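Notes for the one structure printed next.
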Amino acid sequence: MAKEKVLNHQLRDSSSKLIFGDNILCSQFFRDYADIDILRKICPEDLEDVTVRYSHLFHEERNSDVVKKVDIGKYLPVDKDENPLGLQLYIVSLIEHKTKVEYNVGMQILRYILYIWEDYEKEMERRFPNISSRKAFRYPPVFPIVYYEGTGKWTVPEDLADRIFCKELLNDYLPHFKYQVVRLHDYSNETLLDKGDEISLTMMINKIRCPEDMEAFTMLPDEQVDQILKNTPEYLLGLIGELMRALLYRMNLEEEKAESAVAKIKERKMGRLFEGVTFDFQAARKELEEAAAKAKEEAEIAKKETEAAKRERETAKRETEAAKQEKEAAKQETEAAKQEKEAAKKETEIARHVAKMLIKGSSEDEVKESLRQRFALSREQAEVEYRKVTG
């Protein structure tokens, strides 16, 4: 059953949901990686997960996004003049999880921020009618973070205004806001390990994507890794175990060996995670290389087939164009033959008409005038036609 769970296509999203859904890990994340100083002071009990309140905004493929309500009242004391309405002081943190570069993330975040503020206004109006129309009313700050696990560079502008045409024309009147990007692969294993907390350990686990990454993880100092889990709550050991189980199954480690490794996490022996477990990195690397070579070969075949199909289409197009030209030429020849036939018929009629008039004793001028009227000829044409018959 566990294996079916971890092999889900949304594995990385599920892992991110587990990590940021936990208040201990999330508070450590804010402390270690957020750019906001006051968030470095908060504790797990200062966090409230309100994701479900906004979950209908998230698309199924982005169900790893998390919204946290962070109580900062005890860390930011203000007098009554600064907060005359006595509203609770808190920050709403929106954590967007991305596995690839998405250029419309700024607009996605803006939609979330607006909805969060609208929801807050409705809630305050329900509790305190007409409060939003008062001068002292304020909206809670929203801190957006993009947690990016992709290996490529994050190339998306971090200011929404940079996604607007001719922004310099209306610069001060555009919605300017930035989000913070935490790119997982900007941090080495050594940097993460030096943080000495569970969130950095889970980030090291999430960095593993290939046998080389796995091998590097096993080379970390045992004592330093074990120290992280020294005071970890039991439930959090289970969560980290779930993340590791997902990783090991993804790397096709035998179920018995995978479960043995996960058990060591629950025993707080992370440094001896793979003790007694033989993982053939060379074989795994070879398997990946073979898979990559096969994929490349298939891509080349597909490319050749596409080029062949393109050539066939071009040939068919040329043949169609040639057939079209032949048809047009035949049409023109038919039209020319028709015109020749009409001209011959007309000449025969003119010759018969001239002969009949001469037999009746008509004069030359009478014949020519008759030709002009009956066949709509000019004087010159009538002269030519008359001479053809009379020589």
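Derivation of every value follows stated rules applied to the coordinates shown; laboratory data play no part. Only a predicted model underlies this, so the values are computations on that prediction, with no experimental measurement involved. No Cβ is skipped: glycine too gets one built from the backbone with ideal geometry, and neighbour counts run over all protein chains shown.
When shorter helices are ignored and each DSSP H run of at least 4 residues is given -39500 (n - 2.57), the per-residue value for the chain at 222 nm works out to -18500 deg cm²/dmol. Taking every Cα-Cα distance in region 339-391 and sorting them into 5 Å bins from zero, the calculated P(r) comes out as 4, 22, 34, 26, 10, 3, 1 percent. For PHE143, the residues 5 or more places off, or on other chains, whose built amide H falls under 5 Å of its own are VAL92, SER93, LEU94. When the Gaussian network model of the chain links Cα atoms closer than 10 Å, the mean-square fluctuations of SER55, SER15, SER362 top out at SER362. Comparing Cα centroids, region 291-318 and region 28-48 end up 53 angstrom apart. Note that region 290-354 shows a convex hull volume over its alpha carbon atoms of 26 Å³ per residue.
Peptides 377-383, 156-162 ordered by packing proxy, namely the average of other Cβ atoms within 10 Å per residue, highest first: 156-162, 377-383.
Among LEU114, LEU236, LEU25, the largest mean-square fluctuation in a Gaussian network model of the chain (Cα springs under 10 Å) belongs to LEU114. Of all lysines in the structure, those lying under 28 Å Cα to Cα from LYS338, and not within fewer than 8 positions of it along the same chain, are LYS324, LYS327, LYS346, LYS356, LYS368, LYS388.
Step by step: find N for region 112-170, compute 2.2 N^0.38 Å, then divide the Cα radius of gyration by it. What's the final number?
My calculation over the Cα atoms of region 112-170 gives 1.67.
Here region 300-391 is assigned +1 on the Cβ of each Lys and Arg and -1 on the Cβ of each Asp and Glu. Its dipole about the Cα centre then comes out at about 200 debye.
Projecting the alpha carbon convex hull of region 88-187 along each direction and taking the average yields 8.2 nm². Legend: residue pairs LYS68/LYS266; LYS17/LYS230; LYS98/LYS207; LYS41/LYS68, Cα-Cα distance threshold 18 Å; pairs beyond threshold, LYS68/LYS266; LYS17/LYS230.
Show which lysines lie in cross-link reach of LYS294 when reach means a straight Cα distance below 16 angstrom and same-chain residues fewer than eight apart are skipped. Within the straight-line limit of under 16 Å, LYS294 reaches these lysines: LYS286, LYS303, LYS304.
Just the C-alpha atoms of the chain: what Rg/Rh do they give, with Rh taken as the Kirkwood radius?
Radius of gyration over Kirkwood radius for the chain works out to 1.47.
Based on alpha-carbon centroids, what's the gap between region 176-209 and region 98-162 in Å, whole number please? Between the Cα centres of region 176-209 and region 98-162 lies a distance of 23 Å.
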